[in-house]
C-alpha cells in the first residue's frame, strides 16, 4: 500500500462496473476513501461492500453525471462526509445512437454530448472548486482512442471524446499553478461488460478488433486503473494536460 494515498478522498464516476469498478477497488487498496457515483444502486453498493470487506471506507451516491444538480450533490456529499476531495476519475458516460452523420437525430447528438462531454465539464467544475479549497489535487478524465482518431461508426461519440481531451488540456493549463493536475486516459479495446456483450452476440468480432492491436489481446480494466492511479500519484507530479493511451499499441499503428 502506498502511504501517499492513505486517507485521501477520491470520486470515481461510473464506479460500479468495468473500468470504474476496477479503479475504485484499486484506490481503496491504496487506502483512499472512495466515493462511487453511478446510476445503479445494486452494482454501486456491491463495490462498496467489497471495499468495506477489505477494511477501507467507501460511499455510493446515486448520480447521473449529465445532470448539473446530481453532480453538485455528488461533490457536496463527498465534502460533507469526508471533508475534502483529493482525486477524481471522471469515467461515467452514456450516449445516443451513432451512424451516418446525415442520419443522426439531433436528440441523439444531444444525448451523447451531454453524456460523454458535458458530464466531464460538470464534474470538473465542482471537483476543481472543492480541490482549490484544500490546495490542490489530481483529476483524470476518461477519453478514448476515439478521442484521438476517426471513429466512423459513431462520429458524435468521437466528437465528444475529442472534446474531453480539449477540455482536459485547457483546464490542465488553467490550474497547473494552483496545484491541480488534470490528465486523461485513452483506453483501447478493454474487456468490459459492453465488449463482452458484443463478443457474445458476434463471436468473430474480437478477432476483427485485434487486427488493430499490436499486443494482440484485449486490455483488462485493472490495467486502465493502474494508469489512473499513476496519473493521480506523486510519481506523475510533472504530468498535466496530457492524454495517456492504454491501448496495446492501437494508436501507434
*For segment 9-89, what class follows from the C-alpha gyration tensor (a ≥ b ≥ c being the square roots of its eigenvalues): rounded when a/c is under 1.5, otherwise prolate if a/b is larger than b/c, else oblate?*
oblate
*Which order do peptides 93-99, 31-37, 194-200 fall in by mean Cβ count within 10 Å, highest first?*
31-37, 93-99, 194-200
*If you find the alpha carbon centre of segment 151-209 and of segment 36-57, how far apart are they in angstrom?*
24 Å
*What order do you get for 49, 21, 181, 149 when you list them from fewest to most C-beta neighbours inside 10 Å?*
49, 149, 181, 21
_Distance (nanometres) between label positions extended 7 Å along Cα→Cβ at residue 210 and residue 77_ = 4.1 nm
*asked:* Between residue 237 and residue 170, what's the calculated FRET efficiency when r is the beta-carbon distance and R0 is 22 Å? Round to 0.05.
replied: 0.60
*What's the FRET efficiency of residue 134 with residue 110 using the Cβ-Cβ distance as r and R₀ = 45 Å, to the nearest 0.05?*
0.80
*If the chain between residue 3 and residue 94 were fully stretched, how many nm would it gain, using 0.36 nm times the residue separation less the Cα-Cα distance?*
29.3 nm
*Value of [θ]222 nm, deg cm²/dmol, for the chain, DSSP H segments ≥ 4, -39500 (n - 2.57) each, nearest 500*: -13500 deg cm²/dmol
*Determine, for 133, 118, the number of other Cβ atoms within 10 Å of each Cβ, and report the residues in order from fewest to most.*
133, 118
*Which order do 103, 226, 127 fall in if you start with the one that has the fewest other Cβ atoms within 10 Å?*
103, 226, 127
*Which part of segment 96-111 falls in the paramagnetic zone of residue 202, meaning amide N under 15 Å from the point 7 Å along Cα-to-beta-carbon?*
98-100
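Taken together, the values in this text are just the output of simple stated rules run on the coordinates, not laboratory data. The model shown is predicted, which means the values in this text are computed figures rather than measured ones. Reconstructed Cβ throughout: ideal geometry from the backbone, glycine too, with neighbour counts over all protein chains shown.
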